[in-house]
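To start, the structure itself, in structure tokens.
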Amino acid sequence: MKTYGLIGYPVKHSLSGLMHNAAFKELEIEAQYRLFEVAPEDLEDFLLKGKEVKDSKEESFCVEDLSGFNITIPHKVRAYEMLTSFKKNITVRQYPYVFLSGAINTVKREDKDRIEFENTDAIGFIKSLEEDLGFDYKGKNVFIFGCGGAGRAVVAGLTAGLTGLKKDGEPIGVIYIYDSNRASLKSAEAHFEKFDDVKKNLKFIDSETQIADIIKNAHLLVNASPVGMKEGDPSVIKKELLHKDLSVYDVVYNRETQLVKDAKEVAGPLKAVGGLGMLLYQGVAAFEFWTAREAPLELMRRALEEGLKECRKK
């Protein structure tokens, strides 16, 4: 029985186990997916020093017990920094989206001497943007709130055409990036500065006073921050700044956020979606990365939708 899982803090709310365990069962793969709550101060001990942590069933695992795992808030960038600098006779392979984003959300352990990294968030976001929102981002201006691991994956997905990762169509327009956490903003700016083909399309915004003017010329607004996950959270932007030509994608999936509600009122129900599709498509990509099997997409979708209904009843 192989074990896969999710590492983050917190993770109890996650629906990922529902879709992966349903897929393992459907394809008769002897594997299980579990949730591991790893506090920031324990991340290095878990990833690099073999410290055990308990899963949601109070069973203990160390990183070498896992055949693969996902990484979520708030560890995606820090895990990238740790794992890519880890030297211990281990062969490391990082895929282009990881290198471009500077963030990891999916890890595969081939054996104790080889690990591979992918960022399926970037893949999942673009797939969901196209399938769920019907938005063609080529040549469009985008405003992104949040530049932690999710925000960096969004940037990587949108700019892949500038780097040669994707060769079809026209490149993205201008991507404006804002984060109230100045450390995250500066870290992301320093990271993307390394990519000459990408940085010319990025504008990092360090003042809220600039947002109103920028939004007027934006075609897509992405909330890549955790704002909206909790009941009663406000929108990341004032409703009066939204306009009918602005589409909205909110990566938060566990509830309809105030941002999505406001955008539907201003621009119409087809102009705003939450992040359940991104969760699904990144999960599909992760499943196929781990197993080399075609993921049962519709089964995984149903598992997520049913889990979300139960979540919203609480």
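Could you check, for region 161-177, whether at least one of its residues is buried (at least 23 other Cβ atoms within 10 Å of the Cβ) and touching a Gly at 6+ places or on another chain (Cβ under 9 Å)?
yes
Please go through region 19-31 and pick out each residue that is touching a Phe, Trp or Tyr at 6+ places or on another chain (Cβ under 7 Å) and open to solvent by 30 Å² or more (accessible area, probe 1.4 Å).
Once the filter is applied, which keeps residues that are touching a Phe, Trp or Tyr at 6+ places or on another chain (Cβ under 7 Å) and open to solvent by 30 Å² or more (accessible area, probe 1.4 Å), region 19-31 yields only Asn21.
So, in region 205-232, of the ones that are among the small types (Gly, Ala, Ser) and loosely packed, with under 13 Cβ neighbours inside 10 Å, which residue ends up nearest to Gly146 (Cα to Cα)? Show your work before the answer.
The first filter runs over region 205-232 and keeps only residues among the small types (Gly, Ala, Ser), leaving 207, 212, 218, 224-225, 228, 232.
Narrowing the set further to residues that are loosely packed, with under 13 Cβ neighbours inside 10 Å leaves 207, 212, 232.
On the way: Ser207: 13, Ala212: 16, Gly232: 19 Å.
Step by step, filter region 205-232, then rank; the result is Ser207.
Evaluate region 1-11: report whether one residue or more is small (Gly, Ala, Ser), modelled with pLDDT of 95 or more and touching a Gly at 6+ places or on another chain (Cβ under 7 Å).
So far as region 1-11 goes, no, none of its residues is small (Gly, Ala, Ser), modelled with pLDDT of 95 or more and touching a Gly at 6+ places or on another chain (Cβ under 7 Å).
How many residues, within region 131-157, are at pLDDT 95 or above and either over 12 Å from the mean Cα position of the chain (by Cα) or surrounded by fewer than 18 Cβ atoms within 10 Å (Cβ to Cβ) (or both)?
Count: 11.
Any idea which residue in region 287-304 is least open to solvent (accessible area, probe 1.4 Å), counting only those that are within 12 Å of Asn21 (Cα to Cα) and over 20 Å from the mean Cα position of the chain (by Cα)?
Residue satisfying both the conditions and the ranking: Pro296.
Please enumerate the residues belonging to region 273-314 that are of a type in the set (A, V, I, L, M, F, W, C), over 17 Å from Phe24 (Cβ atoms) and out of contact with any helix residue (DSSP H, G or I) (no Cβ under 8 Å at 6 or more places or on another chain).
If the condition is that a residue be of a type in the set (A, V, I, L, M, F, W, C), over 17 Å from Phe24 (Cβ atoms) and out of contact with any helix residue (DSSP H, G or I) (no Cβ under 8 Å at 6 or more places or on another chain), then Cys311 is the only one that fits.
Of the residues Gly274, Gly283, which single one is modelled with pLDDT of 95 or more, open to solvent by 20 Å² or more (accessible area, probe 1.4 Å) and on the phi < 0 side of the Ramachandran plot? Spell out the reasoning first.
Details: Gly283 fails: open to solvent by 20 Å² or more (accessible area, probe 1.4 Å).
Testing whether each residue is modelled with pLDDT of 95 or more, open to solvent by 20 Å² or more (accessible area, probe 1.4 Å) and on the phi < 0 side of the Ramachandran plot leaves just Gly274.
Do the conditions hold for Arg93, that is, is it outside any helix (DSSP H, G or I), among the basic types (Lys, Arg) and either at pLDDT 95 or above or closer than 27 Å to Phe195 by Cα (or both)?
Here the answer is yes, as Arg93 does meet what is asked.
It is to be established whether one or more residues within region 243-252 are within 20 Å of Tyr178 (Cβ to Cβ), out of contact with any Ser or Thr (no Cβ under 7 Å at 6 or more places or on another chain), of a type in the set (D, E, K, R) and open to solvent by 50 Å² or more (accessible area, probe 1.4 Å).
Taking region 243-252 first, the residues within 20 Å of Tyr178 (Cβ to Cβ) are 243, 245-252.
Subset that is out of contact with any Ser or Thr (no Cβ under 7 Å at 6 or more places or on another chain): 243, 245-249, 251-252.
Of the ones still in play, those that are also of a type in the set (D, E, K, R) are 245.
Remaining after also requiring open to solvent by 50 Å² or more (accessible area, probe 1.4 Å): 245.
Scanning region 243-252 turns up at least one residue that is within 20 Å of Tyr178 (Cβ to Cβ), out of contact with any Ser or Thr (no Cβ under 7 Å at 6 or more places or on another chain), of a type in the set (D, E, K, R) and open to solvent by 50 Å² or more (accessible area, probe 1.4 Å).
May I ask you to list the residues in region 103-134 that are closer than 17 Å to Ile177 by Cα, small (Gly, Ala, Ser) and not in a loop (DSSP other than H, G, I, E, B)?
Ala122
Please list, ordered by first then second residue, the pairs with beta carbon atoms under 8 Å, 6 or more apart or interchain, first in region 52-76 and at pLDDT below 90, second open to solvent by less than 70 Å² (accessible area, probe 1.4 Å) and in a loop (DSSP other than H, G, I, E, B).
Ser56/Val11
Where in region 135-252 are the helices (runs of 4 or more DSSP H), entirely inside, with at least 2 residues that are aliphatic (A, V, I, L, M) and without any contact (Cβ under 8 Å) to a residue 24 or more places away in the chain?
By residue number, 182-192.
The values are calculated or read from the model by the stated rules, or taken from the named source; none is laboratory data. It should be emphasised that the depicted structure is a prediction, and the values quoted were computed from it without experimental measurement. Using ideal geometry, Cβ is built from the backbone for each residue, glycine included, and neighbour counts are taken over all protein chains shown. For accessibility, only protein heavy atoms count, side chains too; no ligands or nucleic acids. Shrake-Rupley method; radii C 1.70, N 1.55, O 1.52, S 1.80 Å.
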